[in-house]
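Below is one structure, written out as structure tokens; the observations come after it.
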Amino acid sequence: MEGDPKVDLYFEVRGHEIPIDHGYLLYGAISRIIEDPSEPWLHESDSIGIHLIRGRYLGRGRLALTTSSRIGIRAPADQIHRLLPLTGKQLALGDMTIQVGPPQSRPLSPAPNLYAHLVTTRNGQDEARFDEEICRQLAALDVRGRPHRGPRHIFRVKEKRIVAHSLVVTELTAEESIRLQEVGLGGRRKLGCGVFLPWQAK
């Protein structure tokens, strides 16, 4: 891992409802505000991850925002200043609009178990190949934790349907936990995929 350590920047968000499948919409809305067309740094960066917004499931493919809903962006600390223009802006997610409030930064915290709601790999629709690729990527990161594939999910990028799985990685050392949070697994990090958070078994 090169450069500054990564942190999570969480923006308050106000609104009523958003689509549950909002990863691509959120990335597009953020890009339109902070990206300079002559210098598309966000598009070209491989060090930025965007968390999916959490809310209360309403059915019909929609989430209700709550007082704890946040827009979360994981980024190197030296890039935080480039994200601050989001404050006070409105973001259109399909036919729904949300208002972005002030942010707070949080350092990454080591945890023995990490969870990502969506992880994508090439040929991820084949569960055996998904498992094999995840093990390969963990080994490349020198992470010896145990992966546990969860439910299959489908999300859209424009008209394309993408297959993903939830994933828990357990039995991590503190160093492995931070490394996995900083790097992630799979692709499409800016669409909310492969971005890990501490997880506790229920």
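Bear in mind that the values in this text are calculations on the coordinates, not laboratory data. Treat the numbers as computed from the prediction; the structure is a model and nothing was measured. For neighbour counting, all protein chains shown are included, and Cβ atoms are generated from backbone atoms with ideal geometry for every residue, glycine included.
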Between the stretch 5-25 and the stretch 145-202, the Cα center-to-center distance that results, in Å: 17 Å
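Taking 0.36 nm per residue of sequence separation and subtracting the Cα-Cα distance, how much length would be gained by fully extending the chain between S105 and H43, in nm to one decimal? List each step's numbers first, then the result.
On the way: separation 62, 0.36 × 62 = 22.32 nm, distance 2.19 nm.
Result for the pair: 20.1 nm of gain on full extension.
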The local net charge around G61, scoring Lys/Arg +1 and Asp/Glu -1 for residues other than G61 whose Cβ lies under 13 Å from its Cβ, equals 0
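Could you calculate the contour length gain from A77 to R14, that is, 0.36 nm times the residue separation minus the distance between their Cα atoms, to one decimal place in nm? Kindly include the intermediate steps, with their values, before the conclusion.
Details: separation 63, 0.36 × 63 = 22.68 nm, distance 2.52 nm.
Stretched out fully, the A77 to R14 stretch lengthens by 20.2 nm.
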Global form of the stretch 80-143, assessed from the alpha-carbon gyration tensor, a/c cut-off 1.5: oblate
Label the stretch 91-193 by shape, choosing from rounded, prolate and oblate, from the square roots a ≥ b ≥ c of the eigenvalues of the Cα gyration tensor; if a/c is under 1.5 it is rounded, and otherwise prolate applies when a/b is larger than b/c, oblate when it is not. oblate
Taking 45 Å as R0, compute the FRET efficiency from the Cβ-Cβ separation of E175 and D95 and round it to 0.05. 0.50
Between L84 and Q125, with labels modelled 7 Å along Cα→Cβ, what's the label distance in nm to one decimal, could you check? 4.6 nm
Taking a threshold of 22 Å on the Cα-Cα distance, which of the pairs K6/K190; K158/K190; K89/K160 fall above it? K89/K160
